[in-house]
1. Quote the FRET efficiency, to the nearest 0.05, computed for Ala99 versus Asn179 with a Förster distance R0 of 25 Å and r equal to the Cβ-Cβ distance.
2. Could you grab the relative contact order for region 6-198? Cα pairs under 8 Å, six or more apart, rounded to a whole percent.
3. Quick check on the chain: helices-only [θ] at 222 nm, where DSSP H runs of length 4 and up contribute -39,500 (n - 2.57) each and the sum goes over total residues. Nearest 500, please.
4. Beta carbons within 10 angstrom, averaged per residue: use that to sort the peptides 76-82, 127-133, 55-61, 110-116, highest first.
5. Which residues' amide hydrogens lie under 5 Å from the amide hydrogen of Thr251, considering only partners 5 or more residues apart or on another chain, with H built in the peptide plane?
6. For Leu17, Leu42, which order do you get if you count the other beta carbons within 10 Å of each Cβ and list the fewest first?
7. Which whole-Hz couplings ³J(HN,Hα) result when phi for each residue of region 131-136 is put into the Karplus expression 6.51 cos²θ - 1.76 cosθ + 1.60, θ = phi - 60°, listed in order with x for Gly and Pro?
8. Express the relative contact order of region 66-137 as a whole percentage, based on alpha carbon pairs under 8 Å and six or more residues apart in sequence.
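What follows is calculated from the coordinates using simple rules that are stated; it is not laboratory data. As the structure is a computational prediction, the values presented were derived from the model and not from experiment. A quick note on method: Cβ atoms are made from the backbone with ideal geometry, for glycine too, and the neighbour counts reach across all protein chains shown.
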Amino acid sequence: MVLLSPEERQALLENSLDSLRHALDHFFELAAVDRGRGTAHLELRHHTKQAILSAHHAGDCLLQVILWDIDPASPCFSKKGRFHHPPLTNTLAALRRPANQERLRKSEGLFMRFMEGLNEERGALMHRTLSDAIEPSIAACAVLAIRRVLRTRYRVDPSRFGWDTDDIGQEVMSEIRWNHYDRYFRYVEQAVAEESPRQTVDECPYCGSAAVLSTGTSCEACYLEVERVECPSCGCEFIAEPVSAGSKRDTCPNCGGVCP
């Protein structure tokens, strides 16, 4: 069996983190583009392409480390008796083996689905003409999942991601089109449930996902801040509904009392 040294394993994680930061840079630039200008499509196409390629590389490196951690004897890592870095397609196939599926968290299986879609998009960008129709939804889902896996499985400090968590999270999430919401919210809800099994999880009043921890101040899916209200009648604490015109009061879900 060909072994990956601790130094090489850490280098793969660092490579993943570096490409993640590069992808976040391009999502930041996407958010800053004035989309009303006639030439905006050129910038959008450039930053979308680079976000996809960087997210693909970040996920590729990360999944190699995950495969190594759960199945170091995988034949993916050996070629002619020497250590070999497998292509993402082979890494994904190895992780899909039943024995390895049992070793993965369910959320990581959902993350792999983002990477399968991203792998197809990367192949199209590398081997076909560049289209104005490319869009970053799958890359955005993958980037947010990669950040979460690096933070939770590998204890990477969020300060190393290069951007303020909530601000850049909102900008990346805003690039996800509505037809990808179900898969994205399902991933986040599963990940949050796994990471905090003893905490109550509330529904976000903005995106509707069950992704607001009882100790949290923002949604883990859309990254918007939430306001908590304490009912003066029964003491129940709950998340306030977004303020709308003519509505500045909340109804307590426990006793039905009106809270100012």
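1. Working: r = 34 Å, r/R0 = 1.35.
For Ala99 and Asn179, the calculated efficiency is 0.15.
2. Values: 185 pairs, mean separation 51.1, N = 193.
Relative contact order, region 6-198: 26 percent.
3. Numbers: 8 runs with 132 residues, N = 260.
One gets -17000 deg cm²/dmol as the mean residue ellipticity at 222 nm.
4. Values: 76-82: 12.6, 127-133: 8.6, 55-61: 25.9, 110-116: 21.1.
Descending packing order for the listed peptides: 55-61, 110-116, 76-82, 127-133.
5. Cys259
6. Numbers: Leu17 21, Leu42 12.
Going from sparsest to densest Cβ surroundings: Leu42, Leu17.
7. 9, 6, 8, 5, 9, x
8. Details: 29 pairs, mean separation 17.2, N = 72.
After rounding, I find 24 percent.
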